[in-house]
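**Q** One structure is given below, represented as structure tokens, and several questions about it will come after.
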Amino acid sequence: MQTKPLFLFFLCILTLAMQAQKKYTISGYLKDSQTGESLIGANLYCKNHEVGTVANPYGFYSLTLPQGKVDLIFSYVGYATQEISFVLSKDTLLTIPLAGTLTLKEIEVTAQAIDRIETKTQMSSITLPVAQIKSMPAFMGEVDLIKAIQMLPGVQAGSEGNSGMYVRGGGPDQNLILLDGVPVYNVSHLFGFFSVFNADAVNNVELFKGGFPARYGGRASSVLDINLKEGNMKEFHGEGSIGLVSSKLTLEGPIWKDHTSFIVSGRRTYIDLLMKPLIKAASDDVDAGYYFYDLTAKINHRFSDKDRIYLSAYMGDDKFHVNIEENYEGGASQTKTKSGLKWGNITSAFRWNHIYNAKLFGNTTLTYSRFRFNTGGEGEEKYTPPGNATEYSSYKINYNSLIEDLNAKISFDYMPSPNHYIRLGGNFIYHKFTPGVMAVKTTENIADTSFRIGSNDVFANEMALYAEDDFSITSKLKVNYGLHWSGFAVRNTFYQTLQPRVSARYLLRESLSLKASYSKMAQYIHLLTNSSTGLPTDLWVPSTEVLKPQYSDQIAIGTAKSFKEKYEISLEAYYKTMDNLLEYREGASFFDMDGRWESKVLQGKGDSYGLELFLQKKTGKLSGFVGYTLSWTNRIFEELNNGRQFPYKYDRRHDISISVLYKATSHIEVSGTWVYGTGNATTIPVAIYDDGSTFTYPGTEIRVYGDRNAFRLPAYHRLDLAASFIKQKKWGERRWIFGLYNAYNRKNPFFIDVESRTYHEGDKTYTENKFYQYSLFPLIPSISYNFKF
């Protein structure tokens, strides 16, 4: 009888203890209150439990907390912080709208905010606000996302005006560039001077230079992850601009309010229309033109609080043509020729998001991607001699290269507790490669001849599985660790690679942390680059039994700190090795149509190491960043440079970039960027002589070259300025933007060449060889008219 009360007492204690340990999950979406747009990377922090989380790329968040009172802070850069308090007694679904702050005032969050740079596990990554990108001075007034990325430490632009990216010593093919999760294989418009991305349609931009999370794979040097806007769920809006070389327009709005939205954005240059009368005035026989266009569209539909689908697409082309028609001998002889270039991308994605429960989020995606390059020409000649039959001849030449992908992938975000954020998934890619095929057809009177030369199509299958966990071991130590497995099947060969990834941060104190990372990457597709052409003639080819996959191993250590809730600063040192890099053999190029393309290239090794400093201020009247890179990048190929190590063409000792935006008033904004870089490495002749040939006068010129890339071009530096004048109208906002590219008219080197100049003294003739520097862009003013409604 005495034990029954005691049993009941312990039963009550156990029940209370179980209730005290009971936990529930708060989950939902973080959205823009005016547009319904997902806020990627927005923050949720619980003050009383000192834990938090961030929204995934679709705005979804999940945080598990003990039952009882919770004090939540929702925040995002450029948005007003929102605080909510309530008693948590069950799993709770909260979709939180955050209001944008027009003046981007400083956001002060008490307690330990989780969005500060020193608290993040990830290192070697940078997120640039799209508003900051759009405020930078732009070449010819055309806002360019890639040009903004090129200013970040560890990223180089290559040559003047080029939209390529060379990240920590890697080549342009080693960058995985994703547009809404779909790879984009060529990012250049106007022969590299503009990129294909329209900033008006972009929601978020994040660059990974190292410490890669396990969910990314397929490239050796970097990941540029670009997310498109979803479209305004509340109201119809538009924005656009009219510039010197192109105009663009973006429209977005609800199809079914709060359920279905759309966004469509288009851009076209009108260089062809501007130049046509000038070309016509110069010659009646010639018709030439160039233009590019791109179109981006997306539809977003919410079936329920747990299910959403997205359908997005991009298409863009560059087209250049020259047509010549000539008549001789009173029309008895006629000649017509046509030639042109065309290249462009198509990408599309169908995506389904599903919340399985408060802790598990799933994403299933089907994508298609294609890049195609085509060049060719045709011509005909007619001649009618007096009293004789007409003589006729013609030719048609077409060169085509292509890479085409079909991709299916599935991923899961699982958040079992505030200490774990688990991601896992996999994908399968079906590749089709057309490395370069030339078709030729000739006609002589009535006889036709046709033939085709080049490589056959190659088909390959690429697959991957990954798992990663962002694990808070203690309040000071947090680790992101994972494993990425990938395989590649081509012809009768199968490659597979296990790629471990780990990043860690340790808080020395509240606003200062140490970070370290290691990542291994495998790359099964390659870009054969013929740098001498300056055209998008680069060929995408797969690894084969002859051409091995590229691999990279990278370690990095660094420190990160934020201070005064306004500034972020990071300092990183890295070392990267690269295996099976590609270079054309001496004298080979894509124009060589004989033989297999595998026989035209060499594979070698490389390494890159350096130090990067980045200081950033994202909010306030004065915002911007300062970046500095100190780096070394080398290559070694057995059959180049006598097998000795040589500096990579884009080995650059010092790189400095400064970008500043000052909002003087609500009507005036002033911005400026300044860049400095050590000159690119180059190979030039060290001696030139005449071989003394008796069959020609003068004889054949022989050039003798020293070590590969043993010389440096002069340093590159440039200042760009812009001023915006803003006025609110009844219908919306208008903005006049005046810019200066290369404001102090620096004659930066584009390339150096040797030229022979002949002069006479009396009856003697002398030939002198000199190096001459060629520059591309002088000071270029620009003006554009932007509008929003």
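The values are calculated or read from the model by the stated rules, or taken from the named source; none is laboratory data. Computed from a predicted model, the values in this text were never measured in an experiment. Here the Cβ positions follow ideal geometry from the backbone for every residue, glycine too, while neighbour counts run over all protein chains shown. We work out accessible area using only protein heavy atoms, side chains counted, and drop any ligands, DNA or RNA first. Shrake-Rupley method; radii C 1.70, N 1.55, O 1.52, S 1.80 Å.
**Q** Criterion first (touching a Phe, Trp or Tyr at 6+ places or on another chain (Cβ under 6 Å) and open to solvent by less than 20 Å² (accessible area, probe 1.4 Å)) does His484 satisfy it?
**A** Yes.
**Q** Which pairs have Cβ atoms under 7 Å, sit 6 or more apart or on different chains, and link a residue in the stretch 295-312 that is farther than 17 Å from Thr367 by Cβ to one that is β-branched (Val, Ile, Thr) and surrounded by 15 or more Cβ atoms within 10 Å (Cβ to Cβ)?
**A** Between residues of the stretch 295-312 that are farther than 17 Å from Thr367 by Cβ and residues that are β-branched (Val, Ile, Thr) and surrounded by 15 or more Cβ atoms within 10 Å (Cβ to Cβ), the close pairs are His301/Thr260; His301/Ile309; Lys306/Ile355.
**Q** Here's something else I'd like to know. Output the number of the condition that Asp720 fails; it satisfies all remaining conditions of (1) closer than 24 Å to Pro647 by Cα; (2) out of contact with any Asp or Glu (no Cβ under 8 Å at 6 or more places or on another chain); (3) surrounded by 13 or more Cβ atoms within 10 Å (Cβ to Cβ).
**A** Asp720 satisfies all of (1) closer than 24 Å to Pro647 by Cα; (2) out of contact with any Asp or Glu (no Cβ under 8 Å at 6 or more places or on another chain); (3) surrounded by 13 or more Cβ atoms within 10 Å (Cβ to Cβ) except (1).
**Q** For the stretch 767-789, give me each residue that is among the aromatic types (Phe, Trp, Tyr) and open to solvent by less than 70 Å² (accessible area, probe 1.4 Å).
**A** Tyr772, Phe777, Tyr785, Phe787
**Q** While we're looking at this one, here's another question. Quick check on the stretch 25-32. Is at least one of its residues in contact with a Lys or Arg (Cβ under 7 Å, 6 or more places away or on another chain) and either open to solvent by 60 Å² or more (accessible area, probe 1.4 Å) or modelled with pLDDT under 90 (or both)?
**A** no
Conditions tested, residue by residue: (1) touching a Phe, Trp or Tyr at 6+ places or on another chain (Cβ under 7 Å); (2) closer than 30 Å to Lys336 by Cβ.
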| site | (1), (2) |
| --- | --- |
| Phe350 | no, no |
| Ile355 | yes, no |
| Gly362 | yes, no |
| Tyr368 | no, no |
| Phe371 | yes, no |
| Gly377 | no, yes |
| Glu381 | no, yes |
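**Q** Within the stretch 619-672, work out how many residues are modelled with pLDDT under 90, closer than 19 Å to Lys147 by Cβ and open to solvent by 30 Å² or more (accessible area, probe 1.4 Å).
**A** Matching residues across the stretch 619-672 total 0.
**Q** Right, next: Show the residue pairs meeting these rules: Cβ distance below 6 Å; 6+ apart or different chains; first residue within the stretch 171-182 and closer than 16 Å to Leu581 by Cα; second residue open to solvent by 10 Å² or more (accessible area, probe 1.4 Å) and in a strand (DSSP E or B).
**A** Asp173/Leu527
**Q** Also, I was wondering about something else. Among the residues in the stretch 371-383, are any in a loop (DSSP other than H, G, I, E, B) and among the hydrophobic types (A, V, I, L, M, F, W, C)?
**A** Within the stretch 371-383, none of the residues are in a loop (DSSP other than H, G, I, E, B) and among the hydrophobic types (A, V, I, L, M, F, W, C).
**Q** Find the residue count for the stretch 231-263, including only residues that are outside any strand (DSSP E or B), of a type in the set (Gly, Ala, Ser) and within 30 Å of Ile780 (Cβ to Cβ).
**A** Number satisfying all stated conditions: 1.
**Q** Still on this structure, I have one more. With the checklist (1) farther than 30 Å from Gly289 by Cβ; (2) open to solvent by less than 30 Å² (accessible area, probe 1.4 Å) in hand, flag the one item Thr347 doesn't pass.
**A** Failed condition: (1).
**Q** Filter the stretch 59-109 down to the residues that are assigned to a loop (DSSP other than H, G, I, E, B) and either touching a Pro at 6+ places or on another chain (Cβ under 7 Å) or buried (at least 19 other Cβ atoms within 10 Å of the Cβ) (or both), then identify the one that is modelled with the lowest pLDDT.
**A** Ranking the candidates gives Ile107 first.
**Q** Select from the stretch 534-555 the residues that are of a type outside the set (Phe, Trp, Tyr) and under 18 Å from Gly344 (Cα atoms) and write down the one among them that is modelled with the highest pLDDT.
**A** Val541
**Q** Could you count how many residues in the stretch 751-786 are of a type outside the set (Phe, Trp, Tyr), in contact (Cβ under 8 Å) with a residue 24 or more places away in the chain and part of a strand (DSSP E or B)?
**A** Matching residues across the stretch 751-786 total 13.
**Q** Does the stretch 280-290 include one or more residues that are closer than 30 Å to Asn203 by Cβ and touching a residue at least 24 places away in the same chain (Cβ under 8 Å)?
**A** For the stretch 280-290, residues closer than 30 Å to Asn203 by Cβ and touching a residue at least 24 places away in the same chain (Cβ under 8 Å): absent.
Okay, residues lined up against (1) modelled with pLDDT of 90 or more; (2) not in a helix (DSSP H, G or I):
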site	(1), (2)
Ser265	yes, yes
Leu273	no, no
Lys280	no, no
Gly289	no, yes
Ala297	yes, yes
Gly316	yes, yes
Phe320	no, yes
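**Q** I would also like to ask the following. Just the residues that are open to solvent by 80 Å² or more (accessible area, probe 1.4 Å), more than 29 Å from the chain's Cα centre (by Cα) and within 24 Å of Gln132 (Cα to Cα), please, taken from the stretch 724-739.
**A** Once the filter is applied, which keeps residues that are open to solvent by 80 Å² or more (accessible area, probe 1.4 Å), more than 29 Å from the chain's Cα centre (by Cα) and within 24 Å of Gln132 (Cα to Cα), the stretch 724-739 yields Phe725, Lys727, Gln728, Lys729.
**Q** Suppose we keep only residues that are open to solvent by less than 60 Å² (accessible area, probe 1.4 Å) and under 17 Å from Tyr270 (Cα atoms) within the stretch 310-340. Which one would you say is nearest to the chain's Cα centre (by Cα)?
**A** Per the stated criteria, the residue is Gly316.
**Q** How many residues does the stretch 740-761 hold that are under 22 Å from Glu142 (Cα atoms) and either open to solvent by 60 Å² or more (accessible area, probe 1.4 Å) or out of contact with any Leu (no Cβ under 6 Å at 6 or more places or on another chain) (or both)?
**A** Number satisfying all stated conditions: 8.
**Q** Another question, if that's okay. So in the stretch 384-399, with the set limited to residues that are open to solvent by 80 Å² or more (accessible area, probe 1.4 Å) and in a strand (DSSP E or B), which one is nearest to Tyr328 (Cα to Cα)?
**A** It comes out as Glu391.
**Q** Also, quick follow-up: Does Asn353 qualify as being closer than 30 Å to Ser62 by Cα, surrounded by 15 or more Cβ atoms within 10 Å (Cβ to Cβ) and not charged (D, E, K, R)?
**A** Judged against the criteria, Asn353 is a match.
**Q** Leu244 - would you say it is open to solvent by less than 40 Å² (accessible area, probe 1.4 Å), touching a helix residue (DSSP H, G or I) at 6+ places or on another chain (Cβ under 7 Å) and at pLDDT below 95?
**A** No.
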